[in-house]
Amino acid sequence: MNKPTSVIVVDDHSLFRMGVLQALGLEKSLTVKGEGASKDEALHLVETLLPDVALLDISMPGSGIEAAREITKRWPDTKVVMLTVSEEDDDVLEALDAGATGYVLKGSPAPELITAVSTVAEGQPYLSPSLGMRLFGVIRTRTAEHRVERLIDTLTPKEAIVFELLGRGCTNRTIAAEMGVQIKTVKFHVGRLLAKLGAKNRVEAALIAQRQLVPSSSFGRS
């Protein structure tokens, strides 16, 4: 017979914590080893009990995210599932960056909570269904932005100036006047920019520039 998955629950809202304990008690393959209400208590519980899974409130005293970061660093065999009312993308990403492998919204039904704990205990990540696809989109967008940032670092000084001026909505003529070059030179740089950025046209390049715009003082003129 498989050993039950050991769990601790740390949340400073006692009534909510009680509900979580009752929900987990419905599943015979899980056993709650301890409960607490703060980061310090979470660390103490993990150190003394070495549970398979730690369920942590993201906003508990001392910060659930900081608790997750320390637990995953000091006791990597303990998996962390964050409990929160927040659906903010930044909160989810920060929790995952801290080492949490599960993220469950407070108010989720008992079967989902049990599934989350069991899934994470088996070494697989878990996100509440309402967050999954949206977070995938956020990660994909940020990955694309990071790729663009790396490409921007490869721009020559003149291409960087053209890139910034495109972001300001300048025409080729205005850019040429600003740089003191001929229009055909600007067209050459714009063409190179489109190729580097993978942009279909100057409008798309301008939109990318607007998202990444850096003050002109940071660009070298040569």
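Laboratory data are not the source of any read-out in this text; all were calculated from the coordinates shown. None of these values were measured; they are calculated from a predicted model. Quick reminder, even Gly has a Cβ in these numbers, built from the backbone with ideal geometry, and neighbours come from all protein chains shown.
Which value, in Å³ per residue, describes the convex hull spanned by the Cα atoms of the stretch 151-214? List each step's numbers first, then the result.
On the way: hull volume 4.6 nm³, N = 64.
Cα convex hull per residue, to the nearest whole number: 72 Å³.
Only counting other Cβ atoms within 10 Å, I'd like 202, 192, 211 sorted with the fewest neighbours first. Numbers along the way, then the final one.
Numbers: 202 18, 192 15, 211 10.
Fewest-to-most Cβ neighbours within 10 Å comes out as 211, 192, 202.
Each label point is 7 Å from the Cα along the Cα-to-Cβ direction; what then is the distance between the points at residue 74 and residue 177, in nm?
Simple spin-label model gives 6.5 nm for this pair.
Fully extended, how many nm does the chain gain between residue 3 and residue 194 (0.36 nm per residue separation, minus their Cα-Cα distance)?
Values: separation 191, 0.36 × 191 = 68.76 nm, distance 5.83 nm.
Contour length minus the Cα-Cα distance gives 62.9 nm.
I need the calculated FRET efficiency for the pair residue 21 and residue 185, taking r as the beta carbon distance and R₀ as 45 Å, to the nearest 0.05.
So the FRET efficiency works out to roughly 0.05.
If each residue's Cβ is checked for other Cβ atoms within 10 Å, how do 44, 189 rank with the fewest at the top? It would help to have the intermediate numbers written out before the result.
Numbers: 44 15, 189 23.
Ordered by Cβ neighbours within 10 Å, fewest first: 44, 189.
Work out, step by step, the length gained on full extension between residue 211 and residue 31: first 0.36 nm times the residue separation, then minus their alpha carbon distance; give nm to one decimal. Mind dumping the intermediate values first?
Working: separation 180, 0.36 × 180 = 64.80 nm, distance 4.88 nm.
Gain on stretching residue 211 to residue 31: 59.9 nm.
Semi-axes of the stretch 5-130's equivalent ellipsoid from the Cα gyration tensor, sqrt of 5 times each eigenvalue, largest first, rounded to whole Å? Write out the running numbers ahead of the final one.
Working: eigenvalues 59, 55, 42 Å².
Listed largest to smallest, the semi-axes of the stretch 5-130 are 17, 17, 14 Å.
When a footprinting reagent is the concern and you count Cβ atoms within 10 Å, what order do 126, 103 take, fewest first?
Values: 126 22, 103 27.
Ascending Cβ contact count within 10 Å gives the list 126, 103.
Please give the contour-minus-distance gain from residue 44 to residue 156: 0.36 nm per residue of separation, less the Cα-Cα distance, rounded to one decimal in nm. Before the final figure, lay out the partial values.
On the way: separation 112, 0.36 × 112 = 40.32 nm, distance 5.37 nm.
Extra length from residue 44 to residue 156 when fully extended: 34.9 nm.
Can you list which of the trypsin sites (Lys or Arg not before Pro) found in the stretch 1-108 are DSSP loop residues with at most 13 other C-beta atoms within 10 Å? List each step's numbers first, then the result.
On the way: sites: 17, 28, 33, 39, 69, 73, 74, 79, 106; in loops: 28, 106.
Answer in residue order: 28.
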